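The values are calculated or read from the model by the stated rules, or taken from the named source; none is laboratory data. What you are looking at is a predicted structure, and each value in this text was computed from that prediction instead of being measured. Reconstructed Cβ throughout: ideal geometry from the backbone, glycine too, with neighbour counts over all protein chains shown.
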Amino acid sequence: MNFRRQIGLDILQEKYSYGQDPSSGYTSVQKIPDQWIATTCGYCSVGCGMFIGVKNSCAVAVRGNPAHPVNMGKLCPKGLSEHYTIEADNRARYPLLKKNGKLTRATWDEALDTMVTKFQDVQKKFGSDAVGIISTGQLVTEEFYTLGKLVQLGLGTKNYDGNTTLCMASAVSGYKRSFGSDGPPGAYEDFEKADLILLIGANIAENHPILCQRLEANHNKTLIVVDPRVTKTAMLADLYLPIKPRTDVALLNGMIHILIKHELIDREYIDRKTTGFEDLEESVESYTPERVSSITGLSQELIYKTALLYAQAEAALIGWTMGVNHSTQGTTTVNLINNLALITGNIGREGASPLSITGQCNAMGTREAGFASGLPGYRKFDSAKDREELAQLWGISADRIPTSRGLAYPDIIEAALAKKIRTLWIIGTNPIVSYPNIDVLKQSLGNLDFLVVQDGFHPTPTSELADLVLPAAIWGEKEGTYTNSERRVSKVNRAVAPPAEARPDFDIFLALAGKLGCREELFPGWTSPADAFEEWKRVSEGRLCDYSGMSYELLEKHGGIQWPFPSGSQEVRTTRLYSDGQPFETEDGKAKLISVDWQPFPEQPTREFPFVLNTGRTVEHWHTRTKTGKVPILERLSPNAWLEMNPRDASALKLRPHDHVDVVSARGRVHNVELRITEIIAPGQVFLPFHYAETNANQVTQSAFDPISREPNYKQCAVRVEKSKVVLKDRI
Amino acid sequence: MPLPLLERAKEDGITFVLTPKKSRPDRLYKISLLQVEEPAWMRPLQQGEQYRFHFDMTKCIGCKCCVVACNEQNGNPSTINWRRVGEIEGGWYPNTKRFYLSMGCNHCLEPSCLLGCPVDAYSKDPVTGIVRHSADTCIGCQYCTWNCSYGVPQFSPERGVVGKCDMCYGRLQESQAPACVNACPESAIQIEIINTEQWRREYAASANAPGLPSADHSVSTTRVTLPAEMPPDTKKADIHRVRPEHPHWPLVVMTILTQLSVGAFANVWLRQAVGSSARLGLAAVASLLVGGMALAASTLHLGRPIHAYRALKMWKRSWLSREVLVFGLFSNVAFAYAALLALKIPGSLAAGALTTLLGIAGLTCTARIYMVRPRPAWNSNHTLLEFYLSAILLGSLFVRAIGVTNGRWTLMLVLASAAAQLLNQSLKFFRLVRSRSYERQASARLLSTTLVPLVLCRGALLICGGMLLPIYATGLSGMIAALLVSIAGEILGRYLFFVSVVPKNIALSYLSTSAEAA
């Protein structure tokens, strides 16, 4: 601090003065940029349009785009402070290669040469599938498309999956099984048009707050929220169903039971558009209101009321997120949600849709254009026609396209543990914080011959374990497109250059292709994401996710365009899938009604571990906090994790508010969590946010995965709570 | 939200008015949601009207967009939040309700920040009613942060001045909605126009809410729309988090030393009045030095010590100004008194009387600074008594240690003041415990839990330095020891005075917001 400031002559008047920005108006001079660059938010899949303010080549401000159809100028607190992520001090800046046990700076050439050599060595010794890749939902679609080709056709391994398996896989599998294809059928506009909105395991007020303005704008709706915890969203509900954990399958079966019994179903639609009704009818027979009430803990009246409200709605929307997906019955729960919509004809109409609200900004992009759990353009590995079509588009032999998908994320980890996978390339994700039961993961990563971590941030708990760190550009530093939950493709732009030697993932992929010698074959003449976009448009043409009518210019002009948007499309408007006349993507064009039986969640509480642990999020943070943990205002608003416990349980354990407790499961222990005693949580349950590496919920979560989608059952595991023996001073 | 642009139609001195401009910025394409209507506040303000915030608790989802937007708007660091979001909670599972309170400045009709400010840094804008703060004028004394029941003004150590929400005055002038209003996805924060006289009659019903301090103190203008049904046990979420306040070390030292100095001068004068003359000059000069040190210490508390003299300005209104004024006079007269005594010039007795009177007046001003409604544990005569008794105890011990006297009368003064202080502190604690005010109870909780070792230590030092040593250690060294032990005791006592106050505030969030980003 300087002397003039010490004595009070200087009060930093200049720094704290104000000026006029032509776009954002009167504001702090620190936040008046030289120019505003339009882009799309890089956090969640709501897909808000925004601008980055750039001054002297630094991102100094952001503002919502008032003309963007998704967010109308609003942003959540993460979006409002997103420019700080670019300037964070934990950005990865240089390629780092482990030499003598220490990560040391290397040139890009050396880094990529080493990577290619290590990968090829392993493939020679242990087979081509001994290389595994785990990517993310946060690259641009162009990069996903490029990465898919690079991995499957260039590297020649099919053991490639994304962290999307940790969040969206159940929705994907559920859509595929019911409708024959992935692809959320609805639109955000449905939140405004529906007269009944049923949210299951979705705390949108916390996790997608910008969608709440749609709820607010809909004055005719009845909002029903199903959640074991009285979330912010539950508190907004007209009818709240405090369901026992993971009993939604029983509830949905019970609702279907009531609807069939009381003839509240759309027979005509069922006959015309679905198959499997008889089986469904039989399977829900035993889900009488009495039984469902005893399973779910909800009164029969409440179950009836919910079923009747849903059936009587002109247009009913069902939205769900992780409460449904993070489950060993995730996929089948999605199928039941789809069943409910199908038997009442609540699909493909304004306000009527079973809508999965996605997590990451471009989870949708990897689902559409990726080449991991499906072929690009929602094509199927097991379809010879689809493989042939792709081979022709790419000018390669169809034999090179695998006939089945490789290992899913948890199975890659399992395979690494068994030393079947020897090298792993992790892109844009932080499994050491986000993967369930992390001690197993740590052992698995420890078994690898070579671990590459490509990320915008270093050190992260994962990148610290790497043999090679590739520094990547992040949001705001690269170009491409994101697809949001309502299938809206929006443009993402580069506002500033990546720090030091960091490069866009797209450039890294092309450089690797060069080293592998497949660049000209797979990516002929490509230099920028626009080249990938053009090819992807051709590949998507005629598919459900048809991009062929889009261009970067059109996307910029309209603030994003929903697919399908085939070439020749004249009008940009709200679209829905499976509207009248549009067949489902199954062989017979009919949706499948899938019967499901309820199962209790795998790890029931015991005398030793008497609580059911629920995990979730807080509005201020994103995933594992590699980004938001470096945004000062977000850290200030939500500096540490907390454990929610009902007062009845707390008094039995003689615990007091703000005590520090350990959460213990059969697998591990979370140390020193601040206790929050609250009636938000039911007796017998506790809740812990999963963002904080310091108090990592995944120390205690279990290795239990959905058999179809392979998504982890993060939401329920048995724990006990103890008062911490050592209280860390800095958290008092 | 792009708002219709306004322009200033008329500008004659302070009574400019705002009227809407005709055109709106073109929109790129039709938006289905949130029809942009012209907000009702976009009309010229009339005589007797002002702007205010309306907060709709039924709409707020606690996303804290307003907090982030406010910090961005004003370029503030994360540790300073001119808008804050608190939580209140009640009910039983599954009928649990949590509501949020988003609060900036309430732009009160009787702003207590303004009334206490010694330098006139605050003004109530005659047209908009916005309570504005001038960083230029501010000297960083932070008195306003004690005077506001809502915890609105916040001191910036980086700048050395206080800052607060000005309802985005600059934006309103340009007919732009404030940053928080703009950022709220739920339209829970709005600007409204009110007639101040009407509001004065109606505020009690609309400006109060669970989790908010009473609006009576300053007549807050923020209107809060409450949910139709609220669980009866709804209370602040942060009610269990009570932490010691800032100790303000320069003020601890300053108050103890001024009290010592005043007490010493009073003793010197009393000795002189009864005809003693041993070492009176020396004692007066020493007391003067102590007073000088106190003055120096006081400027260290200021964010802008160089402008300390400005604090004289508002003596008609502010107890802080009065304190500065009276102690300023005191030090001059005391200087004269010490000089007259030392040089044995006649007239010193009268000067001594004046010095003593001014000293007592000064102590009273100091005490009145702390006796403010937003700091309930301070706001009682115990504060006044504590300061007087410290002065008597330390002043008497001081003159004894210098060798002015070792007589029975001063010893009696020492013993009586120590005993009275012990009683005063015990009584204060007892009344805090018995109080029905949350803040007073919380102060008692602090004193009897976190701070209890220090409380016991303070009591021991008081008994030792104010009773045992003066009685049993009779030599000069004993007297010096008694003085030093008592100074330590009073300093610890004053430290506890500062840290154990629990100020009134709005409900805050359950998690501490004090952590800084890594």
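Here is a check on your reading of the model: is B:Phe99 within 12 Å of chain A (Cβ to nearest Cβ), closer than 21 Å to B:Ser206 by Cβ and in contact with a strand residue (DSSP E or B) (Cβ under 7 Å, 6 or more places away or on another chain)? When the stated conditions are applied, B:Phe99 passes them. The single condition among (1) of a type outside the set (Val, Ile, Thr); (2) in contact with a Ser or Thr (Cβ under 7 Å, 6 or more places away or on another chain); (3) surrounded by 23 or more Cβ atoms within 10 Å (Cβ to Cβ); (4) assigned to a helix (DSSP H, G or I) that A:Arg246 does not satisfy is (4). In the stretch B:219-226, is there at least one residue being assigned to a helix (DSSP H, G or I), at pLDDT 95 or above and surrounded by fewer than 22 Cβ atoms within 10 Å (Cβ to Cβ)? Checked the stretch B:219-226: no residue is assigned to a helix (DSSP H, G or I), at pLDDT 95 or above and surrounded by fewer than 22 Cβ atoms within 10 Å (Cβ to Cβ). Return yes when B:Ala442 is modelled with pLDDT of 95 or more, part of a helix (DSSP H, G or I) and closer than 30 Å to B:Trp82 by Cβ and no when it is not. So B:Ala442 passes the test. Hey, among A:Arg229, A:Arg214, which residue is out of contact with any His (no Cβ under 7 Å at 6 or more places or on another chain) and closer than 19 Å to B:Glu186 by Cα? The conditions single out A:Arg214.
Scanning the stretch A:61-89 for residues that are over 21 Å from the mean Cα position of the chain (by Cα), over 15 Å from A:Lys31 (Cβ atoms) and more than 7 Å from chain B (Cβ to nearest Cβ) yields A:Asn65, A:His68, A:Ala88, A:Asp89. Filtering B:Arg408, B:Arg400 for residues that are over 24 Å from the mean Cα position of the chain (by Cα) and either under 30 Å from B:Ser220 (Cβ atoms) or buried (at least 21 other Cβ atoms within 10 Å of the Cβ) (or both) leaves a single hit, B:Arg400. The single condition among (1) part of a helix (DSSP H, G or I); (2) crowded, with 16+ Cβ neighbours inside 10 Å that B:Arg201 does not meet is (2).
When restricted to residues that are surrounded by 24 or more Cβ atoms within 10 Å (Cβ to Cβ) and in a loop (DSSP other than H, G, I, E, B), the stretch B:42-59 contains 0. Here B:Thr410, B:Thr474, B:Thr405, B:Thr450 are screened, and the one residue that is assigned to a helix (DSSP H, G or I) and among the hydroxyl-bearing types (Ser, Thr, Tyr) is B:Thr410.
In the stretch B:42-60, of all residues being away from chain A (no Cβ under 12 Å) and among the charged types (D, E, K, R), the one that is farthest from the chain's Cα centre (by Cα) corresponds to B:Arg43. Here the stretch A:542-562 is the region considered, the condition is being closer than 20 Å to A:Asn493 by Cβ, in contact (Cβ under 8 Å) with a residue 40 or more places away in the chain and part of a loop (DSSP other than H, G, I, E, B), and the residue that is farthest from the other protein chains (Cβ to nearest Cβ) is A:Tyr547.
Matching residues to (1) among the β-branched types (Val, Ile, Thr); (2) surrounded by fewer than 22 Cβ atoms within 10 Å (Cβ to Cβ); (3) closer than 19 Å to B:Leu282 by Cβ:
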residue: B:Ala338; (1), (2), (3): no, no, yes
residue: B:Leu341; (1), (2), (3): no, no, yes
residue: B:Lys344; (1), (2), (3): no, yes, yes
residue: B:Ser348; (1), (2), (3): no, no, yes
residue: B:Thr355; (1), (2), (3): yes, no, yes
residue: B:Thr366; (1), (2), (3): yes, no, no
residue: B:Tyr370; (1), (2), (3): no, no, no
residue: B:Pro376; (1), (2), (3): no, no, no
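On inspection, A:Ala311 fails the criterion of being crowded, with 22+ Cβ neighbours inside 10 Å, of a type outside the set (Ser, Thr, Tyr) and not assigned by TED's automatic domain parsing to the domain that holds A:Lys715. The set of residues in the stretch B:61-76 being over 21 Å from B:Ala228 (Cβ atoms) and facing chain A (nearest Cβ under 7 Å) consists of B:Cys63, B:Lys64, B:Cys65, B:Val67, B:Val68, B:Ala69, B:Asn71, B:Glu72, B:Gln73, B:Asn74, B:Gly75. Scan B:Val485, B:Val502, B:Val455 and give me the residue that is buried (at least 18 other Cβ atoms within 10 Å of the Cβ), outside any helix (DSSP H, G or I), among the β-branched types (Val, Ile, Thr) and more than 14 Å from every other protein chain (Cβ to nearest Cβ). Result: B:Val502 is the single residue among B:Val485, B:Val502, B:Val455 that is buried (at least 18 other Cβ atoms within 10 Å of the Cβ), outside any helix (DSSP H, G or I), among the β-branched types (Val, Ile, Thr) and more than 14 Å from every other protein chain (Cβ to nearest Cβ). The requirement of being under 21 Å from the mean Cα position of the chain (by Cα), assigned to a helix (DSSP H, G or I), farther than 30 Å from A:Val539 by Cβ and in contact (Cβ under 8 Å) with a residue 40 or more places away in the chain is not satisfied by A:Leu198.
For the stretch B:268-278, state whether one or more residues are crowded, with 20+ Cβ neighbours inside 10 Å and of a type in the set (D, E, K, R). Yes - at least one qualifying residue is present in the stretch B:268-278. Put simply, of A:Asp109, A:Asp161, A:Asp182, A:Asp121 the only residue that is acidic (Asp, Glu), over 26 Å from A:Ser57 (Cα atoms) and surrounded by 24 or more Cβ atoms within 10 Å (Cβ to Cβ) is A:Asp161.
For A:Ser353, the test of being of a type in the set (S, T, N, Q), touching a residue at least 60 places away in the same chain (Cβ under 8 Å), closer than 21 Å to A:Pro583 by Cα and buried (at least 24 other Cβ atoms within 10 Å of the Cβ) is passed.
Condition check: assigned to a helix (DSSP H, G or I), of a type in the set (A, V, I, L, M, F, W, C) and closer than 30 Å to A:Ile681 by Cα. Does B:Val68 satisfy that? For B:Val68, the condition - assigned to a helix (DSSP H, G or I), of a type in the set (A, V, I, L, M, F, W, C) and closer than 30 Å to A:Ile681 by Cα - is met.
Scanning the stretch A:406-453 for residues that are assigned to a loop (DSSP other than H, G, I, E, B) and of a type in the set (Lys, Arg) yields A:Lys419, A:Lys420, A:Arg422. The stretch B:120-176 holds strands (runs of 3 or more DSSP E) entirely within its bounds, and those carrying 3 or more residues that are within 21 Å of B:Ser318 (Cβ to Cβ) and of a type outside the set (Gly, Ala, Ser) map to B:131-133.
If you go through the stretch B:169-207 and keep only what is under 28 Å from the mean Cα position of the chain (by Cα) and within 13 Å of another protein chain (Cβ to nearest Cβ), you end up with B:Tyr169, B:Gly170, B:Pro178, B:Ala179, B:Cys180, B:Ile189.
Please indicate, with yes or no, whether at least one residue in the stretch B:328-335 is within 14 Å of chain A (Cβ to nearest Cβ) and without any contact (Cβ under 8 Å) to a residue 12 or more places away in the chain. No - not one qualifying residue is present in the stretch B:328-335.
Per-residue answers, yes or no, for (1) at negative phi; (2) surrounded by fewer than 23 Cβ atoms within 10 Å (Cβ to Cβ); (3) of a type in the set (Val, Ile, Thr):
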| site | (1), (2), (3) |
| --- | --- |
| A:Val631 | yes, no, yes |
| A:Asn640 | yes, yes, no |
| A:Asp662 | yes, yes, no |
| A:Ser665 | yes, yes, no |
| A:Val670 | yes, no, yes |
| A:His691 | yes, no, no |
| A:Glu694 | yes, yes, no |
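For the stretch A:673-692, a residue qualifies if it is assigned to a strand (DSSP E or B) and either within 11 Å of chain B (Cβ to nearest Cβ) or among the charged types (D, E, K, R) (or both), and the qualifying residues are A:Glu674, A:Leu675, A:Arg676, A:Ile677, A:Gln685, A:Pro689.
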